[in-house]
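To start, the structure itself, in structure tokens.
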Amino acid sequence: MAYRMACRSESWKPPLAAGIIFLVLGGLLFFFPEGSLRLFVFLFGVLAFIAGIGLFIGAWMLSRSGGMFFVVPLILGICAVLLGILSFTDPGLIGAFAAVLLGLLLIIGGLGGAFSAITRPGSGTRRALSLIGGIISALLGFLILVTPRLSSLAIVRIIGAVIMAAGIIALIGSVVLGLRERSCGPPPGFERLERF
């Protein structure tokens with residue numbers, strides 16, 4: 001009984017579905033980066049606007065109980081609503097802002113990885129790969145900081161390519177699992193036990 005469950009678990013279906021979803025999503029990001037970026041910024045603006053309204057409601061509720069605690073959600077709500085309005089009026093600026101944040105994160109992470117590769121003990125190959133990866137990440141971060149408006153489309157394309165690669169890996173894993181389940185033959189003597 002346990003053998004049948006292992007052989008007919010159909011564990012290849014979730015990776016197949018994930019692979020197809022990742023391929024479609026990654027393809028949209030890679031082949032249509034400008035439209036994908038606009039949609040992302042629009043959704044970000046809607047979420048910021050909704051969060052701002054929620055913060056306003058929270059500030060109003062806190063103001064009724066007395067005290068000055070309502071000022072914090074009020075200021076955050078104003079910032080969120082302004083960010084949402086800015087997303088609708090100048091989406092390129094929000095994309096550039098996101099690119100600058102990503103550039104800073106890549107620089108910090110890359111320099112940190114390169115520094116840890118130099119200072120930590122370990123095998124030479126692993127340290128060299130960490131050092132090279134850290135330097136490449138930091139250089140990519142500097143490139144994004146220099147041209148944030150132009151690089152936001154490139155970032156969307158890179159994210160799309162990574163998601164497509166993850167989809168391909170998931171599809172390959174699905175095929176391997178499917179073949180493994182198909183080639184599942186009964187163990188020796190299994191037929192005799194089934195009769196009893």
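Each reported figure results from applying straightforward, stated rules to the coordinates on display, with no laboratory input. As the structure is a computational prediction, the values presented were derived from the model and not from experiment. As a convention, Cβ positions derive from the backbone with ideal geometry for all residues, glycine included, and neighbour counts pool all protein chains shown.
Side notes on the structure shown:
- The stretch 15-181: equivalent-ellipsoid semi-axes (sqrt of 5 x gyration tensor eigenvalues, Cα, Å): 37, 25, 19
- Farthest positive-ward along the stretch 15-181 dipole, Cα basis, beta-carbon charges - from 112, 70, 81: 112
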